[in-house]
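Take a look at the structure set out below.
The values are calculated or read from the model by the stated rules, or taken from the named source; none is laboratory data. Since we're looking at a predicted model, the values are computed, not measured. In this analysis, Cβ positions are derived from the backbone assuming ideal geometry, glycine residues included, and neighbour counts consider all displayed protein chains. When the accessible area is computed, the model is the full protein with side chains, heavy atoms only, and any ligands, DNA or RNA have been set aside. Shrake-Rupley method; radii C 1.70, N 1.55, O 1.52, S 1.80 Å.
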Amino acid sequence: MRQLSSLFIAVLAILLVGGCGDSGSDDTGNDDAGPSVVVTTTILGDVLTNIVGDAASVQVLLPPGTDPHEYQPSSQQVAAIASADLVVANGLGLEESLIDVLDSAAEDGANVVEIAPLVDPLPFSREPAAGLDPHVWLDPLRMADAVRLIAVELAAVDQSGDWPQRAEMFADELIATHDTITDMLAGIPTDARVLVTNHDVLGYFAERYGFEIAGTIVPGGTTLADPSSAELADLVTLMAHRDIPAIFVETTEPQALAEAIAAELDHDVAVVPLHTESVGEPGSGAETLIGMLQTNAALIAEALA
């Protein structure tokens with residue numbers, strides 16, 4: 001840990017000598033941008049932007065379409081974490097390569113909050129012994145709670161903002177999104193609410209809307225694991241026995257294994273990309289958290305109804 005602390009000091013010194021900008025300014029050079037907030041994922045970036053508007057500067061570490069399990073921060077981003085007024089991370093191991101960086105920043109005095117542990121996290125649906133599932137953003141009601149918690153953290157670093165009122169407005173939108181998704185999924189019969197996914201990412205969605213996670217291609221909740229040939233053969237057998245019509249994969253990951261499994265089955269199987277680890281690119285319909293949740297629900301409804 002002490003090595004990482006030294007890295008923070010060294011990187012900050014380089015940036016300050018190099019004249020990379022005052023930590024109180026946003027990217028536009030506005031010194032009155034309010035508190036500076038660094039967030040790890042694009043999902044949290046959208047959440048913070050909805051809460052703060054132009055009353056704070058928000059820097060998102062991961063670009064859209066990036067798998068948070070694999071992401072590696074730059075030295076400039078490490079420095080931004082160390083100097084921000086507030087750092088908002090997902091936690092529960094999602095940002096695997098950032099764990100030591102965030103821990104070291106907190107040890108050195110940075111204000112780091114991890115959201116997932118605070119919103120009643122679930123164990124992984126397929127491997128409960130693997131620990132708690134970090135993919136909390138796929139449940140809009142949990143995210144409504146997260147938004148309120150983030151407002152409390154913002155108020156702790158800047159008492160001048162109307163953060164609770166801003167947060168409550170966005171929380172209301174997330175609650176309305178839950179109602180919309182419930183209606184979108186209403187046409188799927190109970191016995192058809194069965195999901196096969198690339199990795200164990202839809203546990204919160206399944207728990208909230210009454211689905212079963214029947215199987216995953218990659219074991220566990222990280223995209224960094226590798227399935228064995230026996231595990232893949234078992235999944236083919238399961239899907240054939242239960243006549244499962246779709247495999248849901250991430251837009252951030254290759255689809256080759258899912259397509260190979262689909263080709264092994266005698267019945268038609270759709271390989272359906274969902275926006276699960278990142279908001280989508282412009283034009284995808286999933287550029288925001290709410291858009292992502294509704295787009296995913298529509299794709300699931302179409303594949304299973």
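Remarks
- Annotation: V279 fulfils all but one of (1) within 27 Å of P64 (Cβ to Cβ); (2) surrounded by fewer than 20 Cβ atoms within 10 Å (Cβ to Cβ); (3) of a type in the set (A, V, I, L, M, F, W, C); the unmet one is (2).
- Residue pairs whose Cβ atoms lie under 9 Å apart, separated by 6 or more positions or on different chains, with the first residue in the range 258-286 and in contact (Cβ under 8 Å) with a residue 60 or more places away in the chain and the second surrounded by fewer than 14 Cβ atoms within 10 Å (Cβ to Cβ) and of a type in the set (S, T, Y), do not occur.
- Of the residues in the range 41-62, not one is over 22 Å from the mean Cα position of the chain (by Cα) and either buried (at least 24 other Cβ atoms within 10 Å of the Cβ) or modelled with pLDDT under 80 (or both).
- Test: residue in the range 228-236 that is acidic (D, E) and not in a helix (DSSP H, G or I): no
- Exactly one residue out of A110, A105 is touching a residue at least 24 places away in the same chain (Cβ under 8 Å) and in a loop (DSSP other than H, G, I, E, B): that is A110.
- Of all residues in the range 247-272 being under 19 Å from the mean Cα position of the chain (by Cα) and open to solvent by 50 Å² or more (accessible area, probe 1.4 Å), the one that is farthest from P227 (Cα to Cα): T251
- Positions within the range 235-257 being polar (S, T, N, Q) and touching a residue at least 12 places away in the same chain (Cβ under 8 Å), in sequence order: T251, T252, Q255
- Of the candidates A240, A297, the single residue that is open to solvent by 20 Å² or more (accessible area, probe 1.4 Å) and either in contact with a Leu (Cβ under 7 Å, 6 or more places away or on another chain) or not in a strand (DSSP E or B) (or both) is A240.
- Looking across the range 113-126, the residues that are without any contact (Cβ under 8 Å) to a residue 60 or more places away in the chain, more than 13 Å from Y204 (Cβ to Cβ) and open to solvent by 40 Å² or more (accessible area, probe 1.4 Å) come down to E114, P117, L118.
- Of the residues in the range 264-282, at least one is part of a helix (DSSP H, G or I) and of a type outside the set (S, T, N, Q).
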